[in-house]
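One structure below.
Just so it is clear, none of the values below were taken in a lab; they were calculated from the coordinates. Every value quoted in this text rests on a predicted model; they were computed, and no experiment measured them. Quick reminder, even Gly has a Cβ in these numbers, built from the backbone with ideal geometry, and neighbours come from all protein chains shown.
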Amino acid sequence: MTGLELLVLASGLAFVAAGGVVGVRLLQLAGRTRGLPERVIGFSLLMLAAVSWPLMLVVSAPEPPAAWIQRSALVGASVAMALGWSGVFVFTWRVFRPGDGWARLLAGIGIGLELGAGMAMVLRALTLEDASALRHPATAGLLLLVGAQVVYVWSAAESFRYRALLRRRIPLGLADPLVANRVGLWGWTAVFAGGSIAPSTAAMLSGGDPHAPLNHLVVGVCGLVCSGALTLAFLPPAWYVRHVRGNTQVQVIEGAP
Amino acid sequence: MPDSAAFECACVELEARTTLDRLASRGTVRIALKQAGLEARSVTPEQLAVVIQKILPSELSSRGVDAVEEVCQRILGALRGVAAGPISDTPDAVFKRLGGD
């Protein structure tokens, strides 16, 4: 295994760990609060990190596994990716734009695309005669990834826009700097999650090699940064919280509520 | 989405207490809100009270409004009568919760 392949593996394992732990934690939170956002994004993180990534590792292993294992892994990964990215669409719409018709439409189209492409991937995995051909790119896989890129761009744009609003509120004492930082980190999580699947998307579109060294470097670095941002956002260590809050100045307003 | 009751109340009061017309009043409050990172459709009475104390006075002065302090106090008084409305799950409230704060 080359150094770059090790980097990709390490970043994948980091994402499985970070996404899995944060996903479980958010689902536990949802159990207490009954809140839709934590339920949806916790489920999505669990699907994308702890289910789909390990299964895709099985599908694309250097030594192809038995056909039934390959088919089962691809079915599981396709369902997990379709549900996971659909959840990110729901989260972005419900949290940032709950009252906007265009956002509901975009989320609806995105969810339709993800579920449709996921279903097509499942059918392909179950019906394609030659199981070894499952390792080759398919249109349904490309659509799944394009939908994911769209939701990551949307999520990042909304997060950075909202962080900019919160930053203006902080000096007035109307926003918590840690929350503003968390919103920004969620934006960066989306940026680097999108970056980590960008080489596969580009290779499918152009017919290039997704396993080229540069692609491995991009996937590895983006995956690690994505995991780091996700961890700092939802499981920040005490020193990080002190650092964020310590760098903030708040105006004291006499008589303010 | 309609503008919040707090925003409407502040604009009506500003228009009534100054020579600013309806359009100028609403525009002035919107500019003050934008500086504070707030939006007319979601601003609460409490948030708007801070904006009226910290940002609106300079905006009114730059528009040649007289007795700025008194005008702002009148608006604050009117805002006290505005109900806070239902608590909505704003993005910052959601992200605060997601962090376990």
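Structure summary
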item	result
Of residues in the stretch B:28-51 being part of a loop (DSSP other than H, G, I, E, B) and surrounded by 21 or more Cβ atoms within 10 Å (Cβ to Cβ), the one nearest to the other protein chains (Cβ to nearest Cβ)	B:Gly37
Residue among A:Phe89, A:Phe43 that is within 14 Å of the chain's Cα centre (by Cα), within 28 Å of A:His216 (Cα to Cα), crowded, with 18+ Cβ neighbours inside 10 Å and within 14 Å of chain B (Cβ to nearest Cβ)	A:Phe43
Unique residue being within 21 Å of A:Arg161 (Cα to Cα) and outside any helix (DSSP H, G or I) when the list is A:Thr248, A:Thr189	A:Thr248
Residue tally, condition within 11 Å of chain B (Cβ to nearest Cβ) and either hydroxyl-bearing (Ser, Thr, Tyr) or within 14 Å of the chain's Cα centre (by Cα) (or both), over the stretch A:7-40	3
Positions within the stretch A:215-252 being free of Cβ contacts under 8 Å to residues at least 12 places away in the same chain and aliphatic (A, V, I, L, M), in sequence order	A:Ala238
Top-ranked residue of the stretch A:136-174 - restricted to ones that are within 14 Å of the chain's Cα centre (by Cα) and among the hydroxyl-bearing types (Ser, Thr, Tyr), ranked as farthest from the other protein chains (Cβ to nearest Cβ)	A:Tyr152
